[in-house]
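Q: Structure incoming, see below.
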Amino acid sequence: MLIEWMEPRKITFRASRMLSGYTLKEAAAHAGISANVLGKYEKNAMETPLGVAVKLLQLYNISVDLVDFSENSMNFKHKDKNKDKAV
């Protein structure tokens, strides 16, 4: 039987925070940023400055290789409420 090497699934900063048991406000305070800014970074991890990312990774006790830093790092998309409305 052939066993293929599988990369571990990556998770978002938001998932990392939630699994670690921190609120947005608590994690933001630890990183020295506002909750609004952390929310922005959770939507697009690519925008996270290195220093902030390191503080968050340490707080969440997670390895950098497990976090999804891709451009579209959120695992879901918000439904456009106006999409289905008739014009």
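What follows is calculated from the coordinates using simple rules that are stated; it is not laboratory data. Quick caveat: nothing in here was measured; it's all calculated off a predicted structure.
Q: Can you tell me what the convex hull of the Cα atoms of the stretch 13-66 projects to on average, as an area in nm²?
A: If you wrap the Cα atoms of the stretch 13-66 in a convex hull and average its projections, you get 3.1 nm².
Q: Separate question: Evaluate the relative contact order of the stretch 13-66 (contact order divided by residue number), counting alpha-carbon pairs under 8 angstrom at least 6 apart; express in whole percent.
A: Worked out over the stretch 13-66, it gives 37 percent.
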